[in-house]
Protein chains: 2
Amino acid sequence: MALARKEEFARKEIDLADFAKALGHPARIAILTVLAQKKECICGDIVIDLPLAQSTVSQHLKALKEIGLIKGTVDGPRSRYCIDWKVFEKFQRQFDGWTSKISELKQENTC
Amino acid sequence: MALARKEEFARKEIDLADFAKALGHPARIAILTVLAQKKECICGDIVIDLPLAQSTVSQHLKALKEIGLIKGTVDGPRSRYCIDWKVFEKFQRQFDGWTSKISELKQENTC
DNA sequence: TGTGCTAATCGTACAAACACGATATACGAT
DNA sequence: ATCGTATATCGTGTTTGTACGATTAGCACA
């Protein structure tokens, strides 16, 4: 990233990009999908489902947690994760807003 | 990426992640937004709008082109770019499909 | 044929992402 | 107290992304 020009963009663009970036790896897509379909989602269950080492999965979980898409609680010796639907839906609305905005602006193009 | 375990995920997950990744930088969000609102979008116009060097913008354009979200044509000494709405909408549908799928599976969670 | 413009590509530097094994931590059970 | 299990974190190597200046390539026009 050399010198993170990122900050010079509009807040909206940065937020949207961060959300997209969080979904920008198949492992994280897979994790969210797994989390959605299990009621009690323990870290180990996810590790089994993915073709990755435990430590790598842990990293992806951390990334999703940092952006707020998932929450985690400690339950004895294990960790339970779940999607934070409030955050998820916020991002979804934001994304929808952006796509419908640019779709409205859509013009017949010249190329 | 060490050794690109990426290939071991499902095609659907990879496609979705690639799309998200393409949107995973504010510059590329900004580029698409600009492209949507101009009929004749010349590379130079985009460069002026962004806080980045010409060569860097060119790289981002290339990335968007590679995944198919935009098309480019040469027009004399300049380059014209536009969104490939067919591709854009394809990805949008894919994303919608995924979000509604996981929303349906949504359970009251335990954490 | 040369000049001037636009945009792509090259080379480079640095930062971040990805992946793993090894280790540390935290807890339950014995 | 000890052991076993589950998960997080650390250290490390490799790859990819981001950014820039410099150069190249293409085209229009004098």
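Under the Karplus relation 6.51 cos²θ - 1.76 cosθ + 1.60, θ = phi - 60°, what is the ordered set of whole-Hz ³J(HN,Hα) values for region B:4-16, x standing for Gly and Pro?
5, 5, 2, 4, 7, 8, 5, 3, 4, 5, 5, 4, 4
Need one value for A:93-102: mean number of C-beta atoms belonging to other chains within 10 Å of its residues' C-beta atoms.
Counting Cβ atoms of other protein chains within 10 Å of each residue's Cβ and averaging gives 4.
Near A:K86, which lysines are there with a Cα under 21 Å away, not counting those fewer than 8 places off in the same chain?
Output for A:K86: A:K12, A:K21, A:K38, A:K39, A:K62, A:K65, A:K71, B:K101, B:K106.
I'd like the residues of region B:14-43 whose 1.4 Å-probe accessible area shrinks by no less than 40 Å² going from the isolated chain to the full set of protein chains.
Flagged in region B:14-43: B:A17, B:A20, B:L23, B:G24, B:P26, B:I29, B:T33, B:A36, B:Q37, B:K39.
Inter-copy label distances at B:R93, 7 Å along the Cα→beta-carbon direction, one decimal in nm, shortest first?
Nearest first, the other copies' label points are 2.8 nm away.
Apply the Karplus curve 6.51 cos²θ - 1.76 cosθ + 1.60, θ = phi - 60°, to the phi angles in region A:58-69 and return the couplings in whole Hz, x for Gly and Pro.
The phi angles translate into 4, 4, 5, 4, 4, 4, 5, 5, 4, 7, x, 5 Hz.
Go through region B:13-52 and name the trypsin sites (Lys or Arg not before Pro) that are in a DSSP coil and have 12 or fewer other Cβ atoms within 10 Å of their Cβ.
Passing both the DSSP loop test and the Cβ count: B:K39.
Say each of A:R93 and B:R5 gets a label point 7 Å from the Cα, pointing the same way as Cα to Cβ; how far apart are those two points in nm?
Output for this residue pair reads 3.5 nm.
If you take the accessible area of B alone, add that of A alone, and subtract the area of the pair, what total do you get in Å², probe 1.4 Å, to the nearest 100?
That pair hides around 4800 Å² of surface in total.
Please report, as a whole percent, how much of the solvent-accessible surface of region A:11-95 comes from carbon and sulfur atoms (probe radius 1.4 Å).
Summing carbon and sulfur atoms, their accessible area is 49 percent of the total for region A:11-95.
Roll a 1.4 Å probe over the protein chains and send me the accessible area per residue for the protein assembly as shown in Å².
53 Å²
Not counting ligands, DNA or RNA, and with a 1.4 Å probe, what is B:L35's accessible surface area in Å² rounded to the nearest 10?
10 Å²
Grab the other residues whose beta carbon is less than 12 angstrom from that of A:R28, score K and R as +1, D and E as -1, and report the net.
+3
If I model a spin label as a point 7 Å beyond the Cα along the Cα-Cβ vector, how far apart are those points for B:K86 and A:S55 in nm?
About 4.7 nm, to one decimal.
Spelling out what I want: for every residue of region A:86-99, take phi, set θ = phi - 60°, compute 6.51 cos²θ - 1.76 cosθ + 1.60 (Karplus), and round to whole Hz; glycine and proline get x.
Each residue of region A:86-99 in turn: 4, 5, 4, 6, 4, 5, 4, 4, 4, 5, 4, x, 5, 5 Hz.
The values are calculated or read from the model by the stated rules, or taken from the named source; none is laboratory data. Bear in mind the structure is a predicted one, so any value in this text is a computation, not a measurement. With ideal geometry, Cβ positions are generated from the backbone for all residues, glycine too; neighbour counts draw on all protein chains shown. All accessible areas refer to the heavy atoms of the entire protein, side chains included, with ligands and DNA or RNA removed. Shrake-Rupley method; radii C 1.70, N 1.55, O 1.52, S 1.80 Å.
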